[in-house]
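Okay, structure first, notes after.
The values are calculated or read from the model by the stated rules, or taken from the named source; none is laboratory data. What you are looking at is a predicted structure, and each value in this text was computed from that prediction instead of being measured. Ideal geometry is used to build each Cβ from the backbone, glycine not excepted, and the neighbour counts take in all protein chains shown.
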Amino acid sequence: MAGIAALVKLGGVDTTRIAVSGWSYGGYMTSWLIGHYHVWKAAVAGAAVTNLVDQYNMADFNVLERYGFSSFASPWTGQALQAYRDQSPISYAAAMKTPTLILSDVRDARVTVTQSYELYHALRDNGVPVKFVAYPVDGHFPSDPVRTTDVYRRWIDWLDQYLKGPVSTR
C-alpha cells in the first residue's frame, strides 16, 4: 500500500481505475486487501485461501500451515484458534465492498473450492457485486489450454468491466 501511495503522490496512478488480483497466495492477498483497504474498483481472487482454519483442516499440506504461526500451533491447541481467525481474510468479510470475481478448480487439493464458496456467500450476502466460476477439473490451476484461456479471458473481462472509461488526469 505504501508503494501505491508513493505512485499516487508522483501522479502515476489513476485512482479511479485501480484493481487488485492474484491466484493462490495472490488470491489470499487479494482477499485480505479488499477487506482492509477500499481503494479498489475491482478484484479477482483465484484459488484464494480465505479461511486459515479450513486451510489447516482440508488442504493437502495442511499441517504445514501451523509453521506460519510463531507458536507452531495447531488451531486446535491453546489460544491458536484466534490467531488463525485474525489472519483469515473471511474474518473481515463485512468490510469487503470491492466487486470481486472468484475463480477456483473444484478438485483443488491445495486450496479447496470451499474457500471460494465461503467468500462468494460472504460477499453476496453483504450486497457486494460478485461472480464465482468453478472449473470442473483437478489441480491448483486449470492445466488445459481451453480452461486456461477461459481463466484469463474472464479475469481481463472482469477488470475491463470495472476499470474501462476515460482516463483521469489526476
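Which of the following residues is over 16 Å from Ser21 (Cα atoms) and modelled with pLDDT under 95: Ala109, Ala122, Ala134?
Ala109
Could you grab me the full set of residues in the range 76-96 that are over 20 Å from Met58 (Cβ atoms) and either of a type in the set (Gly, Ala, Ser) or within 15 Å of the chain's Cα centre (by Cα) (or both)?
Correct list: Gly78, Tyr92, Ala94, Ala95, Met96.
Hey, can you tell me all the residues within the range 118-170 that are assigned to a strand (DSSP E or B) and under 18 Å from the mean Cα position of the chain (by Cα)? I'd like the intermediate steps shown before the answer.
Within the range 118-170, the subset assigned to a strand (DSSP E or B) is 130-138.
Result: Val130, Lys131, Phe132, Val133, Ala134, Tyr135.
Val20 versus (1) modelled with pLDDT of 90 or more; (2) over 19 Å from the mean Cα position of the chain (by Cα); (3) of a type in the set (Val, Ile, Thr): which is the lone unmet condition?
With (1) modelled with pLDDT of 90 or more; (2) over 19 Å from the mean Cα position of the chain (by Cα); (3) of a type in the set (Val, Ile, Thr) applied to Val20, the lone miss is (2).
Somewhere in the range 6-14, is a residue within 25 Å of Phe141 (Cβ to Cβ), hydrophobic (A, V, I, L, M, F, W, C) and assigned to a helix (DSSP H, G or I)?
Taking the range 6-14 as the starting set, the residues that turn out to be within 25 Å of Phe141 (Cβ to Cβ) are none.
Checking the range 6-14: not a single residue is within 25 Å of Phe141 (Cβ to Cβ), hydrophobic (A, V, I, L, M, F, W, C) and assigned to a helix (DSSP H, G or I).
Can you tell me which residues in the range 15-52 are surrounded by fewer than 18 Cβ atoms within 10 Å (Cβ to Cβ) and part of a helix (DSSP H, G or I)?
Answer for the range 15-52, where residues must be surrounded by fewer than 18 Cβ atoms within 10 Å (Cβ to Cβ) and part of a helix (DSSP H, G or I): Tyr25, Gly26, Met29, His36.
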